[in-house]
Amino acid sequence: MQFRFENTYARLPERFFARVNPTRVAAPRLLKLNVELARQLGLDAEQLAGPEGVEILAGNRVAAGSEPLAEAYAGHQFGHFVPQLGDGRANLLGELVGRDGVRYDIQLKGSGPTPFSRRGDGRAAVGPVLREYLVSEAMAAMGIPTTRSLAAVATGEEIMREVPLPGAVLTRVAASHLRVGTFEYFAAQGDAHGVQTLADYAMARHYPEAAQAERKYRAFLDGVIARQARLMAQWMMVGFVHGVMNTDNTSISGETIDYGPCAFMEAYHPATVFSSIDRNGRYAYGNQPRIMLWNLTRLAEAMLPVMVEEWGSQEAALASATEALQGFAPQFEAAQLALLRRKLGLFTAGDGDLALAQNLLERMAANEADFTLTLRRLCDAAAGDDARVRALFAAPAAFDAWAVQWRARLDSEHVAAGERAAAMRAVNPVYIPRNHMVETALNAAVMREDLGPFEELLGAVSRPYEERAGLERFVVPARPEERVLATFCGT
Ligand code: AMP
Ligand code: MG
């Protein structure tokens, strides 16, 4: 089994990580392999699914060329700083350069204790592993930057949670596992040289253009802010609620990372929260852009010592960092408005577009209209059929009144109805991993070792824009008795 691992992270100073191998498990069994992703990484899927491949994916065998390690990081969890977190249940196996020329981390998650485990057992359960697999692949299919899932392997061991649960290991593929919390880790120790080394590494890997700039650390900060602003717009426009937007779960590359109690909003409402540990709604749907700015402010703070070097004084560094952070809101708003326009079927930019979109969202909130399905059925309305979208509103007349304004705006553009509907169907997904469907799929896998429902749902969300016969149950929102109101971290 050839991996061609490279290990640039392992070449960083030793204080950046702990060298630690995965811990053996009793009876590895492949639950799912991402054949297409394997191919993109230049891996032989057949070999990966074979006995030696599965041993590697379970952590029972260290592949030739791999130098397993656990990364050190800190983080603000629910607003409170924790100076040392780190990979407590993950091993970076190494990096692979994909067919696209991009370097990817290959990480096992749930692969045993590390020096960063604190009181944890280093393990993950089948349910949360399959949840991350499903939701990350759904995000990728919708074109949203995210870590990917290469494989899920059952360990054949039970782990103790509130009840004993079957264990699993996820193979996660990421542009890198650098987090805002990685910067905070060195900054909190007054290790400015560590921050600089990390920033240089992050730049080389994710923002090579920034490295060429005259003020490269500012350019780096601008780069992270720009990518996260765009990412937040993308989350908001599919109703994604991350659930644990701690700074250790905020990536430097701009990918969605760490799928814990995440969920998709059904009925549109900005206050939507699912995570059972998010009691104050800090990470509610509508708060996400604000929280991301808060997290990026922690990154800017961590970067300050390096910025002072670059800008010559504390004042100048602060002014520069502040200016960079002030760029977040306008970039987020512009990205969101651009996406809203496409979702509403607009090809041009008009002054009243934001108000038009907000008006629809307000009506959706007041009428408990399903976010995803309303926008999808709006595509039919663009083609002249309003019946299905208006039925999603508690008071259908609320849609009709809005549709009058919408049609007036559409008429200002000269686009054929069919062309418009097709363009809208390419940006408004019909299949998202609806929470009750995810729950059903995970329960079948955990309770009955039946991966059928998981595969069916994965099949639906892997082609999210293409409505197909036989998949109707994945399109409709949960009935009241099916609703999943809370998700659990599931660590
Ligand atoms: P998370 O909430 O998954 O982002 O994890 C926060 C921190 O807790 C990270 O440092 C994880 O590595 C650590 N952690 C979570 N679950 C476990 C576990 N079962 N064993 C050891 N460490 C864990
Ligand atoms: Mg995490």
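The values are calculated or read from the model by the stated rules, or taken from the named source; none is laboratory data. Given the structure is predicted, the values throughout are model-derived calculations rather than measurements. Here Cβ is always computed from backbone atoms with ideal geometry, including for glycine, and neighbour counts include all displayed protein chains. Accessible surface areas use protein heavy atoms only, side chains included; no ligands, DNA or RNA. Shrake-Rupley method; radii C 1.70, N 1.55, O 1.52, S 1.80 Å.
State which residue pairs qualify: first residue within 17 Å of GLU362 (Cβ to Cβ) and inside the stretch 402-418, second residue among the basic types (Lys, Arg) and surrounded by 10 or more Cβ atoms within 10 Å (Cβ to Cβ) in any location, beta carbons under 9 Å apart, and separation of 6 or more residues or different chains.
From the stretch 402-418, the pairs are TRP402/ARG363; ALA403/ARG390.
May I ask you to list the residues in the stretch 259-283 that are closer than 26 Å to VAL126 by Cα, away from ligand 2 (no atom under 16 Å from the Cβ) and without any contact (Cβ under 8 Å) to a residue 60 or more places away in the chain? It would help to see each step written out before you state the result.
Step one: of the stretch 259-283, the residues closer than 26 Å to VAL126 by Cα are 259-266, 273-279, 283.
Filter once more, so that each one left must be away from ligand 2 (no atom under 16 Å from the Cβ): 263-266, 273-274, 276, 279.
Result: VAL273, ARG279.
Report, by residue number, each residue of the stretch 95-114 that is β-branched (Val, Ile, Thr) and either more than 10 Å from ligand 1 (Cβ to nearest atom) or not in a loop (DSSP other than H, G, I, E, B) (or both). Before the answer, list the steps.
Going through the stretch 95-114, the residues β-branched (Val, Ile, Thr) turn out to be 97, 102, 106, 114.
Once the filter is applied, which keeps residues that are β-branched (Val, Ile, Thr) and either more than 10 Å from ligand 1 (Cβ to nearest atom) or not in a loop (DSSP other than H, G, I, E, B) (or both), the stretch 95-114 yields VAL97, VAL102, ILE106.
Quick one: which of SER117, SER136, SER149 is in the same structural domain as ASP44 (by TED's automatic domain parsing), in a helix (DSSP H, G or I), at pLDDT 95 or above and open to solvent by less than 30 Å² (accessible area, probe 1.4 Å)?
Working: SER117 fails: in a helix (DSSP H, G or I); SER149 fails: in a helix (DSSP H, G or I).
One residue alone meets the criteria, SER136.
What are the residues in the stretch 127-148 that are in contact with a helix residue (DSSP H, G or I) (Cβ under 9 Å, 6 or more places away or on another chain), within 16 Å of ligand 1 (Cβ to nearest atom) and under 27 Å from GLN2 (Cα atoms), if any?
First, the residues of the stretch 127-148 that are in contact with a helix residue (DSSP H, G or I) (Cβ under 9 Å, 6 or more places away or on another chain): 127-128, 130-131, 133-135, 137-148.
Subset that is within 16 Å of ligand 1 (Cβ to nearest atom): 127-128, 130-131, 133, 135, 146-147.
LEU130, TYR133, THR146, THR147, listed by residue number.
How many residues are part of a helix (DSSP H, G or I) and open to solvent by less than 60 Å² (accessible area, probe 1.4 Å) if we restrict to the stretch 398-418? Write out each step before concluding.
First, the residues of the stretch 398-418 that are part of a helix (DSSP H, G or I): 398-411, 417-418.
So of that shortlist, the ones also open to solvent by less than 60 Å² (accessible area, probe 1.4 Å) come out as 398-403, 406, 409-410, 417-418.
Of the residues in that region, 11 qualify.
Considering only the stretch 52-94, how many residues are in a strand (DSSP E or B), open to solvent by 10 Å² or more (accessible area, probe 1.4 Å), in contact with an Asp or Glu (Cβ under 9 Å, 6 or more places away or on another chain) and of a type outside the set (A, V, I, L, M, F, W, C)?
Going residue by residue through the stretch 52-94, those that are in a strand (DSSP E or B) are 69-71, 75-77, 80-82, 90-94.
From what's left, open to solvent by 10 Å² or more (accessible area, probe 1.4 Å): 76-77, 80-82, 93.
When the remaining residues are screened for being in contact with an Asp or Glu (Cβ under 9 Å, 6 or more places away or on another chain), the result is 76-77, 81-82, 93.
Applying the additional criterion that residues be of a type outside the set (A, V, I, L, M, F, W, C) yields 76-77.
Of the residues in that region, 2 qualify.
Among the helices (runs of 4 or more DSSP H) confined wholly to the stretch 308-390, which include 2 or more residues that are acidic (Asp, Glu) and either more than 17 Å from VAL430 (Cα to Cα) or open to solvent by 60 Å² or more (accessible area, probe 1.4 Å) (or both)?
On the way: elements: 314-326, 328-344, 353-366, 371-382, 387-390.
Those helices (runs of 4 or more DSSP H) span 314-326, 353-366.
Among the residues of the stretch 6-51 satisfying the criterion of being open to solvent by 80 Å² or more (accessible area, probe 1.4 Å) and closer than 15 Å to ASN91 by Cβ, which is farthest from the chain's Cα centre (by Cα)?
This residue is ARG24.
Suppose we filter the stretch 158-193 for residues that are part of a strand (DSSP E or B) and within 13 Å of ligand 1 (Cβ to nearest atom); how many remain?
Start the filter on the stretch 158-193 by keeping residues that are part of a strand (DSSP E or B), which leaves 158-160, 164-174, 179.
Remaining after also requiring within 13 Å of ligand 1 (Cβ to nearest atom): 159-160, 165, 167-170, 172, 179.
Result for the stretch 158-193: 9.
Can you give me the number of residues within the stretch 458-491 that are part of a loop (DSSP other than H, G, I, E, B), under 19 Å from TYR285 (Cβ atoms) and either among the polar types (S, T, N, Q) or open to solvent by 30 Å² or more (accessible area, probe 1.4 Å) (or both)?
Final tally of qualifying residues: 6.
With the checklist (1) outside any strand (DSSP E or B); (2) in contact (Cβ under 8 Å) with a residue 60 or more places away in the chain; (3) open to solvent by 50 Å² or more (accessible area, probe 1.4 Å); (4) not assigned by TED's automatic domain parsing to the domain that holds VAL244 in hand, flag the one item GLN196 doesn't pass.
Looking at each condition in turn, GLN196 falls short on (4).
Restrict the check to the stretch 118-125 and report whether at least one residue is touching a strand residue (DSSP E or B) at 6+ places or on another chain (Cβ under 9 Å) and more than 16 Å from ligand 2 (Cβ to nearest atom).
To start, the set of residues in the stretch 118-125 that are touching a strand residue (DSSP E or B) at 6+ places or on another chain (Cβ under 9 Å) comprises 121-125.
The next check asks that each one be more than 16 Å from ligand 2 (Cβ to nearest atom); those that pass are none.
Scanning the stretch 118-125, I find no residue that is touching a strand residue (DSSP E or B) at 6+ places or on another chain (Cβ under 9 Å) and more than 16 Å from ligand 2 (Cβ to nearest atom), so the answer is no.
Against the condition over 18 Å from ILE144 (Cβ atoms), part of a loop (DSSP other than H, G, I, E, B) and within 16 Å of ligand 1 (Cβ to nearest atom), how does ARG298 come out, does it pass?
Details: over 18 Å from ILE144 (Cβ atoms): yes; part of a loop (DSSP other than H, G, I, E, B): no; within 16 Å of ligand 1 (Cβ to nearest atom): yes.
So ARG298 fails the test.
Which pairs turn up if I take residues in the stretch 227-241 that are in contact (Cβ under 8 Å) with a residue 40 or more places away in the chain and part of a helix (DSSP H, G or I) and look for partners that are open to solvent by less than 10 Å² (accessible area, probe 1.4 Å) and aromatic (Phe, Trp, Tyr) with beta carbon separation below 6 Å, at least 6 apart in sequence or on another chain?
Cβ pairs passing all conditions: ALA229/PHE328.
Condition check: in contact with a Leu (Cβ under 8 Å, 6 or more places away or on another chain) and either among the charged types (D, E, K, R) or not assigned by TED's automatic domain parsing to the domain that holds PHE240 (or both). Does ALA460 satisfy that?
On the way: in contact with a Leu (Cβ under 8 Å, 6 or more places away or on another chain): yes; either among the charged types (D, E, K, R) or not assigned by TED's automatic domain parsing to the domain that holds PHE240 (or both): yes.
So ALA460 fits the description; yes.
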